[in-house]
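The values are calculated or read from the model by the stated rules, or taken from the named source; none is laboratory data. Quantities reported herein were computed from a predicted structural model and do not represent experimental measurements. Glycine gets a Cβ as well: all are built from the backbone with ideal geometry, and neighbour counts include every protein chain shown. Just so you know, the surface numbers come from the protein's heavy atoms only, side chains and all, with ligands and any DNA or RNA stripped out. Shrake-Rupley method; radii C 1.70, N 1.55, O 1.52, S 1.80 Å.
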Amino acid sequence: MNEYSTKQAPFWPIILAVFFGNFLAILSTSTINVALPVLMSHFETNLSSAQWAVTGFMLATGIIAPIVGYLGDKLSYKKLYVYTLIGFTLFSGLCAAAWNIESLITFRILQGICSGIVMPTTMTIIYQVIEKEKQTFAISLWSVSAMFAPAFGPTLGGLMTEYFGWKSLFLMNLPIGIIAIIIAARFVPYYRLSQVKSFDAIGFVTVILSSASLLVAFSLGNSWGWLDGKTLFLLVLGLISLSLFIFWELRTSEPLLNLRVFKYTRYTYSVILNCVIGISLYSSTFLIPVFSQSVQHASALHTGLILLPGSLAMILFTLLIGKIYGKVGPMWLSFIGIVLIGIATWKFKSLTPQASFLYLSLWMGIRYIGTAFSHMPVNNAGMSVIPKEYSGHASSINNWTRQVIGSFSIGIFSAILASRTFVHTKELQHINSKDTMLHEQAMSLGMNDVFFLTTVIVILTIPLTFTLKKKRKHAAKTAL
């Protein structure tokens with residue numbers, strides 16, 4: 001079918017539709033975390049059951065991610081986006097109406113499926129509909145919604161839960177969702193760049209099996225035990241299924257997820273860098289709240305406020321970088337961003353129970369500024385080399401790897417933290433077994449070890465930023 005003429009696309013209405021939908025879907029990944037004690041009390045359940053309201057959502061977003069490219073080609077990205085927004089808004093209302101913890105978990109999983117479709121779909125719409133010269137600014141606005149939502153989520157979640165109850169976390173989605181649906185249905189154009197002729201059943205089964213197995217193993221491996229039979233079985237099953245999926249997708253004529261986008265080396269390097277940014281981001285957004293609440297015994301609201309200044313700085317710097325990207329290019333921006341993330345991570349490897357609010361907030365802010373410098377330039381540098389008809393598959397891979405890396409990071413960080421805390425507890429007991437702050441000090445030292453490891457990972461990937469060097473115009477002409 002004929003390609004849609006992007007010159008007809010109204011920029012700001014499409015950006016609003018994309019921004020609200022993306023922000024809404026990602027926001028729901030983090031707002032409920034601080035409400036778990038309230039949910040446990042309301043539904044009279046334990047932490048392991050209530051935790052599935054978070055875990056089930058995250059698993060669903062990751063499992064659905066690899067097939068978004070196929071769904072977009074099959075339905076068109078406009079229809080897929082609108083249908084998904086409707087589903088997300090509907091399931092948000094049902095979450096608020098949940099009558100027991102089982103029904104809440106069920107609706108959260110369905111909400112997670114919709115959320116997992118929204119992020120790659122919104123990115124794809126930008127690269128397929130927005131004019132080339134406006135894509136950099138558009139993706140910077142998209143990045144604001146993608147980064148601000150998880151950073152702002154704990155603060156908003158703490159405020160909403162404390163003053164309006166846990167149901168408000170889901171009810172607030174309804175008006176925003178309805179507005180996003182109306183704008184998307186009205187202004188996002190209907191278009192088709194490609195159309196699938198057959199359904200890749202083998203690819204579907206192997207990718208769902210591999211995603212589900214690996215995500216569950218990474219998410220629950222720490223609580224089950226990494227050498228437990230269930231964990232090992234899921235890891236082996238996931239790796240075998242993933243290998244079969246890759247083998248099949250590279251040989252079939254109509255793949256469910258077109259892995260051939262990795263032939264674009266610039267895109268491949270951007271995916272690797274995004275994984276590192278994700279590891280770094282998840283290490284801080286997971287460990288600092290744990291440090292604040294478990295070591296310093298701060299409230300959920302206080303913990304959320306630690307992240308707030310950095311979140312605001314991230315918005316401002318992301319918009320600024322969207323303006324200067326064309327002049328500076330992705331290489332130096334991403335280099336500065338990765339270096340800032342590395343410095344801030346290094347500063348967190350010296351945490352003590354007495355760390356001040358200002359210290360935590362300052363270095364979290366530096367990390368968020370580093371993320372602003374690197375996230376959009378890395379994404380855009382990779383996606384800009386992908387032909388429009390394959391952008392849906394490329395954005396699906398971006399989202400898929402982000403979800404897997406997120407689950408993997410949290411699972412591994414939890415395991416390392418528990419192991420190193422145990423070791424440091426034994427060491428401190430030999431020195432002063434009567435110390436009333438022994439557990440808090442041991443956990444702080446355990447977190448220092450995790451942040452040291454993260455710093456090493458960040459430093460090792462700094463050279464990859466030089467692969468994003470801005471292409472010369474004459475070289476581009478020669479390639480054409």
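Over 29 Å apart at the Cα level, from the set Lys79/Lys323; Lys230/Lys349; Lys74/Lys469; Lys347/Lys426; Lys134/Lys469, are Lys79/Lys323; Lys230/Lys349; Lys74/Lys469. Seen against the Cα atoms of the chain and their longest principal axis, helix 11-27 is set at about 30 degrees. Using a probe of 1.4 Å, the accessible surface attributed to Trp346 totals some 130 Å² when neighbouring protein chains are kept in position. Hey, what angle do you get for helix 330-348 against the long axis of the chain, alpha-carbon based, 0 to 90 degrees rounded to 10? Orientation of helix 330-348: about 10 degrees from the principal axis. Divided by 2.2 N^0.38 Å, where N counts the residues, the Cα radius of gyration of region 44-137 comes to 1.27.
Residues in region 319-433 average 39 Å² of solvent-accessible surface per residue, probe 1.4 Å, ligands and nucleic acids excluded.
Label-to-label distance for Ser41 and Thr252 is 5.0 nm, based on points extended 7 Å past Cα in the beta-carbon direction. The structure shown yields mean projected area of the Cα convex hull in nm², and of the options [x] 22.7; [y] 21.5; [z] 24.0 that calculated value carries the label [x].
Per-residue packing, averaged as other Cβ atoms within 10 Å, sorts the ranges 65-77, 99-111, 372-384 into the order 372-384, 65-77, 99-111, beginning with the highest.
Over the chain, DSSP H runs of length four or greater, each weighted -39,500 (n - 2.57), average out per residue to a 222 nm ellipticity of -26000 deg cm²/dmol. Computed from phi, the 3J(HN,Hα) profile of region 394-409 under the Karplus parametrisation 6.51, -1.76, 1.60 (θ = phi - 60°) reads 5, 5, 5, 5, 4, 5, 4, 5, 4, 5, 5, 5, x, 5, 4, 4 Hz, with x in place of Gly and Pro.
Rolling a 1.4 Å probe over the heavy atoms of the protein chains gives region 110-222 an accessible area of 35 Å² per residue. Under 5 Å between amide hydrogens, built in the peptide plane, is the criterion, and for Arg192 it picks out Tyr4 among residues at least 5 positions away or on other chains. The phi-based Karplus calculation (6.51 cos²θ - 1.76 cosθ + 1.60; θ = phi - 60°) puts the 3J(HN,Hα) values of region 227-243 at 9, 5, x, 5, 5, 5, 4, 5, 5, 5, 4, x, 5, 5, 5, 5, 4 Hz, whole numbers, x for Gly and Pro. Projecting the Cα atoms of Ala146, Trp12, Tyr83 onto the charge dipole of the chain (Cβ charges, centred on the Cα centre) puts Trp12 farthest toward the positive pole.
Residues in region 100-113 carry Karplus couplings, in order, of 7, 5, 5, 5, 4, 4, 4, 5, 5, 5, 5, 5, x, 4 Hz; the curve used is 6.51 cos²θ - 1.76 cosθ + 1.60 with θ = phi - 60°, and Gly or Pro positions show x. Across the alpha-carbon set of region 230-365, the Rg to Rh ratio works out to 1.09, Rh being the Kirkwood radius. The Cα center of region 206-250 and the Cα center of region 293-318 differ in position by 33 Å.
Quick one: with all protein chains in place, what share of the accessible area of the chain is carbon or sulfur, to the nearest percent (1.4 Å probe)? Percent of accessible area from carbon and sulfur atoms in the chain: 69.
Reported value for region 157-230: 183 Å³ per residue, from the convex hull of its C-alpha atoms. When the charge dipole of the chain is built from unit charges on Cβ atoms (+1 for Lys and Arg, -1 for Asp and Glu) and taken about the Cα centre, the candidate among Ala25, Thr61, Asn258 whose Cα reaches farthest toward its positive end is Asn258. With all protein chains in place and ligands, DNA and RNA left out, the 1.4 Å accessible area ranks Lys426, Lys327 as Lys327, Lys426, largest first. Net charge dipole, the chain: roughly 1760 debye, given to the nearest 20, about the Cα centre with Cβ charges of +1 for Lys and Arg and -1 for Asp and Glu.
The alpha-carbon atoms of region 251-314, seen along their principal axes, cover 56, 23, 15 angstrom, with the largest extent given first. Compute the helix-to-body angle for 77-96: its Cα long axis versus the longest principal axis of the chain, expressed 0 to 90° and rounded to tens. The angle comes out near 30 degrees. In terms of the mean number of neighbouring beta-carbon atoms within 10 Å, the peptides 272-282, 414-424 order highest first as 272-282, 414-424.
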